Amino acid sequence: MIPINRTYAPLQAFVDELVRCGLRHAVTCPGSRNAPLILSLAGHPGVDAVSVIDERCGGFVALGLAKASGRPVAVTSTSGTAAVNLHPAVVEAWEASVPLIVLTADRPPELRGIGAGQAIDQLGLYGSAAKWFVDVGTHEPGRATAIHHRALACRAWWTAGGGRPGPVHLNFPLREPLAPVREELAADDWAGREDGRPWTHARAHSSAPHADDVHRLAARIAAAPRGAIVCGPTSENVAEPAARLAAESGWPLLAEPTGGVRCGDHDRSHVIAHYDVLLRVEPFGREHAPELVLRVGETPTSKPLREWLAAVPQVVLDPHAAWHEPTRRAELLLHAAAAPTLGALAATLEMRTVTRDLGWLASWREADALVPPALAEAPDPFEPKVLAGLEPRLPDDALVWVSSSMPIRDIEAFFPQSPKRLRFLANRGANGIDGVVSSALGAALGSGRPTWLLTGELALLHDVGGLLAARRAGVDVEIVCLNNGGGAIFDFLPVAEHADAELYEEHIATPACVDLKAIAPEMTEIRTDRRENVRLHRELVERVAQAL
């Protein structure tokens, strides 16, 4: 197929090289200037390309694909404001360490800065949110150009996925011909390496921890019977080694759902699912101040947990040296992958004498067991009760995408631990409600698993274009929408109490008053009352406090 003409041949070589490196998925957004990029991606037999009309949705579809598959995903847009609409997904990808390869088409240099249509300054468009940026340039056809584009593709792939993963941005200034009109070019000039090898292969060194660090940390754990392991959002599979370390140390394992430890067929005997509720009870948090906390993954959303962490000694497993440590209390950031570190610590503790406090773990487990009965006493419909009650309905291998704002908080606080191999994902890098439907669609495409989206109505309406994208892609996502007539999370904040009621309702809570069934007829809609929801949350915590 390579080459078509002087515009397409470099892009075909570029895409072919991405496939050699491991690219499997791409998202295309329509346009004229990026038609060569679109057709090069969609025309390659090794690329599964999905077409998304709206670039903002397209960026989040690519994000969901990359998050679920663990591989870099390419997304392309045409020039001008189309490229700007990818920015929210690029920001989320950077904050959440998700590998994206963003390919924007641009006007060539002679059409920049002269008032030509659809031409804006796209150089460094995404600023510090892009891990790497390059303006690819314009080149005469030939072997040197082919090598340039193949080498660029390799660098883009390995940069997006290597180290701390993130988005890379390549800006392609494209001249005519933008249509795939045939031109006589030497095919040998555009060939890659023999036997399908990448032009350049990058190899990463081991991210295993140093033995001295393992032994020192294991000694601290062994001497601290009242400790805890906190597992937050992570892309690493840490369930088995985290459970093993918890068993060896005798520590509770406070497991946020997107960390992959709360649910699964591993040992969950030390898992504490409802720590958010327990730590809202001040005497419990005070009496359960740990001697040491080992943190894995990003810090969970729970505000009570963050406040509890802010007063205790901590060690953070920080595989990418990202310094994501909002409490600023960590004594040690261990720059090593979490899974091998947890496994090494567990193995080391097996050979040591460990001081255990059996009452410490028992007190956490007994307290954790009080929350489900208290939740069951709440009247229907109650949002946490609805979300926790989904566990029996979810298939064993379901992927559950959770929207920001209240759904992710209620899932963290109330979803029970489960033997099912459920995978929870959410956009918790920048914590916005952007692209929730589109991200779930991408995750469904990237995983091939039955996919559920748990969302509020504002997040759903914020990404209504994602519903269209899902229909065009022929992908079914089971949507459960909690419609409480506005932004329920704001009702928990002081602004709800102190602002003018009418202004608050119109401009902050913003009830949409839209018939959601007309937009998504196959969706499960649960209607609740925002103010009642706040009252029931507080009453539930009070019931748990009394039981404690």
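Of note:
- Strands (runs of 3 or more DSSP E) within segment 71-138 that include 2 or more residues at pLDDT 95 or above and crowded, with 22+ Cβ neighbours inside 10 Å: 73-77, 100-106
- Of the listed requirements (1) surrounded by 16 or more Cβ atoms within 10 Å (Cβ to Cβ); (2) in a loop (DSSP other than H, G, I, E, B); (3) of a type outside the set (A, V, I, L, M, F, W, C); (4) in contact (Cβ under 8 Å) with a residue 60 or more places away in the chain, residue 169 misses just one: (2).
- Criterion (of a type in the set (A, V, I, L, M), in a loop (DSSP other than H, G, I, E, B), free of Cβ contacts under 8 Å to residues at least 40 places away in the same chain and assigned by TED's automatic domain parsing to the domain that holds residue 456) met by exactly one of 495, 514, 475: 475
- Looking only at residues of segment 211-232 that are assigned to a loop (DSSP other than H, G, I, E, B) and small (Gly, Ala, Ser), we find that the one that is surrounded by the fewest Cβ atoms within 10 Å (Cβ to Cβ) is 223.
- Test: residue in segment 155-176 that is out of contact with any Ser or Thr (no Cβ under 9 Å at 6 or more places or on another chain), of a type in the set (D, E, K, R) and modelled with pLDDT of 95 or more: no
- From the list 488, 443, 469, the one residue that fits, being at pLDDT below 95 and either assigned by TED's automatic domain parsing to the domain that holds residue 396 or not β-branched (Val, Ile, Thr) (or both), is 488.
- In segment 182-196, the count of residues that are assigned to a helix (DSSP H, G or I), among the aromatic types (Phe, Trp, Tyr) and either touching a Cys at 6+ places or on another chain (Cβ under 6 Å) or touching a residue at least 60 places away in the same chain (Cβ under 8 Å) (or both) is one or more.
- Test for residue 167: is it farther than 27 Å from residue 32 by Cα and within 30 Å of the chain's Cα centre (by Cα): no
- Among (1) under 30 Å from residue 70 (Cα atoms); (2) out of contact with any Asp or Glu (no Cβ under 9 Å at 6 or more places or on another chain), the one test that residue 542 misses: (1)
- Some residue of segment 85-102 being free of Cβ contacts under 8 Å to residues at least 12 places away in the same chain, among the hydrophobic types (A, V, I, L, M, F, W, C) and in the same structural domain as residue 165 (by TED's automatic domain parsing): no
- Candidates 435, 448: the one that is surrounded by fewer than 21 Cβ atoms within 10 Å (Cβ to Cβ), modelled with pLDDT of 95 or more and at positive phi is 448.
- Condition broken by residue 466, with the remaining ones in (1) out of contact with any strand residue (DSSP E or B) (no Cβ under 7 Å at 6 or more places or on another chain); (2) within 22 Å of residue 232 (Cα to Cα) satisfied: (2)
The values are calculated or read from the model by the stated rules, or taken from the named source; none is laboratory data. A quick note: this is a predicted structure, and the numbers were derived from the prediction, not measured. Ideal geometry is used to build each Cβ from the backbone, glycine not excepted, and the neighbour counts take in all protein chains shown.
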